[in-house]
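*Asks:* Got a structure for you, written out below as structure tokens; questions coming shortly.
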Amino acid sequence: MTILLQVRGVRRAFRRGWGRPPVVAVAEASFELGAGEIACLVGADGAGKTTLLRLAAGLEQPDAGVIRIAGGPPHGVAARRMIGFAPREAAFPPACTVREVLHYLASCQATGRVRIALVQEALDLSGLGAAGERRAATLPLAETRRLLLAQAALGGRRVLLLDEPFAGLDAITRRDVGERLVRLAGSGAAVLVSSSDPVGLERVVDRVLVLRAGRLAHSAPAAALLGGRVLEVILDAPPPEPPPGFRLTATGLETDLGRGTAEAALALCRAHRLAVRATRVRLRTLDEAMLEPDEVTAR
Amino acid sequence: MNFVRRVLAEWPLLRTRLVRTRLGVWLLLLTGALLWLERHAPAPDPLGTALAAGALGAVLAVAYLAGSGADRMALGLVLGHPTTPRAVAVGRWLAATGGAALVVLASSIHSAWTTGAVAASLGAALAGLAVAAAIAACTLALVWTGGNVLAGLCFLYLALLGSVPPEAWIGHADPGAARLAVATLLELMPGQWRYRGVAVGDVGAAVHAAAWVGIGLLIAEWRAARLGRRAG
């Protein structure tokens, strides 16, 4: 697999003024992303996700460390041809329609029929075909996110850096956008998305990077990080204190099974005289990975 | 070649803004107002009208093409594509100058039509284009520094004081260092009075305009890069 994005020991701090210590937004982040991979950068608001994406996009300079896009620096026009960046907040040139915005941006890369083809391709891959003549500034949130995706992917960019592309989207649009990202990755692009609310992205991502207060707490393939099983126990009456190893939920209890069995966990519930109504074993979710204790795994 | 393509990528914005924003209406009103003033002036001055058309048209065009908060924010998105701050600055400047040129041409054609002095009208058109180019570059640097508030101040300065040579009114101020500083500043700044000479082949006036185009574009490029990084 060709490595398209390389981040090695990257650190970025922001000064806050005289006499105040700088805020470390990203500390010693290292990871790689290959062609066809989708990585999700998860973390709470203020964890450093946007800064890391901006560093990778060449919009910020790291204080230390190295960032490589297909072996080259992330700055300059050549890198711009490789990197597609979608910011969280949309700001399109005023008074332009969706198609005009894409034509305007495509003009930086091509002219004539090639440009028209690039725009049509971007409209198709983002699902914006029907909204081409609408004003970009007045689009609803879902279409705005699609336009941000379209402009980032315009011209066959190989590294897509998308800041919160799912923020505020309904479940149907989330799934649709996720499927479109999978298709983009299938065409050989490396996709790095950030999310502070990664519900439902488990089916999309190949790799999970968990940022906590600027530090990369987890970096692992999704299959490894989300492979753990969780036992959910629905109770008639949740106890005031959970049994050892269990957590209280809205409907009862849950526990990470680890290497144990569901039967052993249920036996513990019975030993605590809890009336079990139903049980379910499921895989861990991305939000649970966000809350895990720190552990950075290979690559 | 790539640079030219990136510069020309900015050009379609002029058509969009002329048609879909109030820029077209304002330029029409400006043209109408200038022609009405010329017609009713005790001593008609087609050159002054062309210069005012270029200067004021340039400010309006820059305000609508680059000065709004949304336009400034959108620089982050634009500079995420294979273009450069220089290409964006030059492209917007060209588009704004083009918008102002429409007003200059309208006023020059009107004066040639009414006076029959084609050569003088051609000179006036050249001077109008020179002032439009210089003012557009300076206003671009201003709006990418402080937004359309500065474009408004620039418009007022040019509308009220820009056509009067500084020696005509600075002499009323007290003599001293402050007077000298203000006089020097006004001598250096672009204004319609400064470019009257372009109409009769004054090289100094043309060089002054070219210098302000260069300075304005350099500052605009620097500001575009900063805004792009901040907004991206």
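Every number here is computed from the coordinates shown, using simple stated rules; none is lab data. All of these numbers come straight from a predicted model, not from anything done at the bench. Reconstructed Cβ throughout: ideal geometry from the backbone, glycine too, with neighbour counts over all protein chains shown.
*Asks:* Looking at the range B:73-232, what % of the alpha carbon pairs are farther apart than 29 Å?
*Replies:* Numbers: 3491 of 12720 pairs.
Tail fraction, whole percent: 27.
*Asks:* OK, next. Scan around residue A:190 for amide H atoms under 5 Å from its own, H built in the peptide plane at 1.01 Å from N, and keep only partners 5 or more places away or cross-chain.
*Replies:* A:36, A:159, A:160
*Asks:* While we're here: Go ahead and set up a Gaussian network model of chain B, Cα springs under 10 Å, then flag whichever of B:58, B:95, B:112 fluctuates most.
*Replies:* Taking springs between Cα atoms under 10 Å, the residue moving most is B:112.
*Asks:* Per the helix-only calculation at 222 nm, which mean residue ellipticity applies to chain A, given -39500 (n - 2.57) for every DSSP H run of n ≥ 4 and division by its residues, nearest 500 deg cm²/dmol?
*Replies:* -8500 deg cm²/dmol
*Asks:* Residue by residue, what Karplus-based ³J(HN,Hα) values in Hz, rounded to whole numbers, does the range A:233-243 have, using 6.51, -1.76 and 1.60 with θ = phi - 60° and x for Gly and Pro?
*Replies:* 10, 9, 10, 5, 9, x, x, x, 10, x, x
*Asks:* For chain B, with a Gaussian network of springs between Cα atoms less than 10 Å apart, report the residue from B:126, B:186, B:102 with the top mean-square fluctuation.
*Replies:* Of B:126, B:186, B:102, the Gaussian network model singles out B:186 as fluctuating most.
*Asks:* Take chain B, connect every pair of alpha-carbon atoms lying under 10 Å apart with a spring to form a Gaussian network, then pick out the residue of B:16, B:49, B:31 with the largest mean-square fluctuation.
*Replies:* Most flexible of the set in this elastic network: B:16.
*Asks:* For residue A:283, what is the net charge nearby, where nearby means another residue's Cβ is under 10 Å from its Cβ and Lys, Arg count +1, Asp, Glu -1?
*Replies:* Net charge in that neighbourhood comes out at +1.
*Asks:* Taking beta carbons within 10 Å but only from partner chains, what does the mean come to for residues B:3-10?
*Replies:* Average neighbour count from other chains, rounded to a whole number: 3.
*Asks:* At what distance in nm do the modelled label points of residue B:211 and residue A:250 sit from each other, each positioned 7 Å from its Cα along Cα→Cβ?
*Replies:* Result for the modelled spin labels: 7.1 nm.
*Asks:* In nm, give the distance between the simple-model label positions of residue A:232 and residue A:14, each being 7 Å from the Cα along the Cα-to-Cβ direction.
*Replies:* Each label point lies 7 Å from its Cα, and together they span 3.7 nm.
*Asks:* Using the Karplus equation 6.51 cos²θ - 1.76 cosθ + 1.60 (θ = phi - 60°), what ³J(HN,Hα) coupling, rounded to whole Hz, does each residue of the range A:201-216 give in order, writing x for Gly and Pro?
*Replies:* Result, rounded to whole Hz: 8, 4, 6, 9, 8, 9, 9, 10, 10, 9, 9, 9, 6, x, 9, 7.
*Asks:* How long is the gain from residue A:171 to residue A:113 if the chain were fully straight, where each residue apart is worth 0.36 nm and the alpha carbon distance is subtracted?
*Replies:* Result: 17.3 nm gained on full extension.
*Asks:* Here's something else I'd like to know. Strictly greater than 19 Å: what percent of every Cα pair in the range A:229-283 meets that?
*Replies:* 13 percent
*Asks:* Over what distance in Å are the Cα centres of the range A:250-293 and the range A:110-134 separated?
*Replies:* What the calculation gives is 48 Å, centre to centre.
*Asks:* For peptide B:81-88, what's the mean number of Cβ atoms from other chains within 10 Å of each residue's Cβ?
*Replies:* Working: counts 17, 15, 6, 4, 0, 0, 2, 1.
Taking all residues of B:81-88 together, the mean is 6.
*Asks:* When only alpha-carbon atoms count, how far does chain A stretch along each of its three principal axes, as whole angstroms with the largest first?
*Replies:* Taking max minus min along each principal axis of the Cα atoms, chain A gives 74, 49, 41 Å.
*Asks:* The range A:3-118: D in µm²/s via Stokes-Einstein (Kirkwood Rh, Cα pairs, 20 °C, 1.002 mPa s)?
*Replies:* 131 µm²/s
*Asks:* Continuing with the same structure: List the residues, sorted by chain then number, that are 5 or more residues from residue A:64 or on another chain and whose placed amide H is less than 5 Å from its amide H.
*Replies:* A:11
*Asks:* Okay, next question. In sequence order, what are the phi-derived ³J(HN,Hα) couplings for the range A:38-51 according to the Karplus relation 6.51 cos²θ - 1.76 cosθ + 1.60 with θ = phi - 60°, rounded to whole Hz, with x for glycine and proline?
*Replies:* So the Karplus estimates, Gly and Pro as x, are 10, 10, 10, 9, 10, x, 5, 4, x, 6, x, 5, 5, 4 Hz.
*Asks:* If you don't mind, there's one more thing I want to ask. Counting helices only, and only those DSSP H runs with n ≥ 4, report the 222 nm mean residue ellipticity of chain B as the sum of -39,500 (n - 2.57) divided by its residues, in deg cm²/dmol to the nearest 500.
*Replies:* Details: 11 runs with 179 residues, N = 232.
Rounded to the nearest 500, it is -25500 deg cm²/dmol.
*Asks:* Can you give me the distance in nm between label points at residue B:1 and residue A:138, each placed 7 Å from the Cα along the Cα-to-Cβ direction?
*Replies:* 4.1 nm
*Asks:* Moving on to the next point. State the Kirkwood hydrodynamic radius of the protein assembly as shown in Å, one decimal place, computed from all pairs of distinct Cα atoms.
*Replies:* Numbers: mean 1/r = 0.0377 Å⁻¹.
Result for the protein assembly as shown, one decimal place: 26.5 Å.
*Asks:* Check which residues have an amide H placed less than 5 Å from residue A:26's amide H, if you skip close sequence neighbours.
*Replies:* A:12
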